[in-house]
1. Compute and list, largest first, the equivalent-ellipsoid semi-axes of the range 155-212 from the alpha carbon gyration tensor, each √(5λ) rounded to a whole angstrom.
2. If you take every DSSP beta bridge fully contained in the chain, what fraction is antiparallel? Give it as a percent rounded to 5.
3. Please list, in chain and number order, the residues 5+ apart from residue 48 or on another chain whose amide H is under 5 Å from its amide H, with Hs placed from the backbone.
4. Taking just the alpha-carbon atoms of the chain, what radius of gyration and Dmax come out, in angstrom?
5. What residue among 62, 17, 142 shows peak mean-square fluctuation when the chain is described by a Gaussian network model with Cα springs under 10 Å?
6. Counting each DSSP H run of 4 or more residues in the chain as -39500 (n - 2.57), what helix-only mean residue ellipticity at 222 nm follows after dividing by all residues, to the nearest 500 deg cm²/dmol?
7. Alpha carbon centre of the range 113-171 versus the range 185-199: separation in Å?
8. Between residue 192 and residue 62, what's the calculated FRET efficiency when r is the beta-carbon distance and R0 is 25 Å? Round to 0.05.
Amino acid sequence: MVALGDDEVVRLARSVIQAEGKAVLAVLEALDDAFVRVARLLAACSGKVLVTGSGTSGAVAIRGAHLLSVSGTPAFHLSPADGLHGGLGVLRPGDIVLALSKGGSSAELNEFCSRARALCGCLVAVTAAPTSALGAMADHVIRLTLDADADLGAVVATGSSLAAAAVVDALVEVTRVARDYSWEDLLFTHPSGAVGRDAAQSLERLAKSEGN
């Protein structure tokens, strides 16, 4: 075990948080015409949005699918592994696949996405490698611009996963507004937990803020 002094602990922690903050802010560069097209596509989707990814991107995909559904865009998560064991049968024409992958080179994810696109007809990729196999097969690509130090050791998907999550969060809010999915609608489907408990106060606060 390495004995770290207090100053070293703080220095290391700050370096990680600074790199991650920079990675998230760099997402602003991804808000281009491609992002607008994808946002409009998701808002107009009459089917479901399947959100997928491998490894850490898979964890971000689970979160993204949940937030999209919470905010009025029917979505669900399916891992590439489960999809390749028959789960792909859930897809229908009119659905959209939203795939998250920093490098776009996961063989399992790309096999899944190739078959998924054939079933539903539309694949959106969020990736830092638009010329990768995933980017090449996608109908729409939102490109992440990442510095070399965005991830720990350029290996562990820390900053890159937060950047992908920020892109999805932006899509969540844009599609909520575009679908005219009100805060009342959202809170009706979220009656449990602190969100449901504080619904009345939240609606009052939101009404005041939107009225300013």
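The values are calculated or read from the model by the stated rules, or taken from the named source; none is laboratory data. It should be emphasised that the depicted structure is a prediction, and the values quoted were computed from it without experimental measurement. Quick reminder, even Gly has a Cβ in these numbers, built from the backbone with ideal geometry, and neighbours come from all protein chains shown. Calculation scope for accessible area: heavy atoms of the full protein, side chains included, ligands and nucleic acids excluded. Shrake-Rupley method; radii C 1.70, N 1.55, O 1.52, S 1.80 Å.
1. Details: eigenvalues 152, 46, 26 Å².
Ellipsoid semi-axes (Å, largest first): 28, 15, 11.
2. Details: 1 of 17 bridges.
Roughly 5 percent of the DSSP beta bridges within the chain come out antiparallel.
3. Distant-sequence amide H within range of residue 48: 95, 96.
4. Rg and Dmax of the chain, Cα atoms, are 18.7, 58 Å.
5. It is 17.
6. Computed ellipticity for the chain at 222 nm equals -16500 deg cm²/dmol.
7. About 31 Å separates the Cα centre of the range 113-171 from the one of the range 185-199.
8. 0.85
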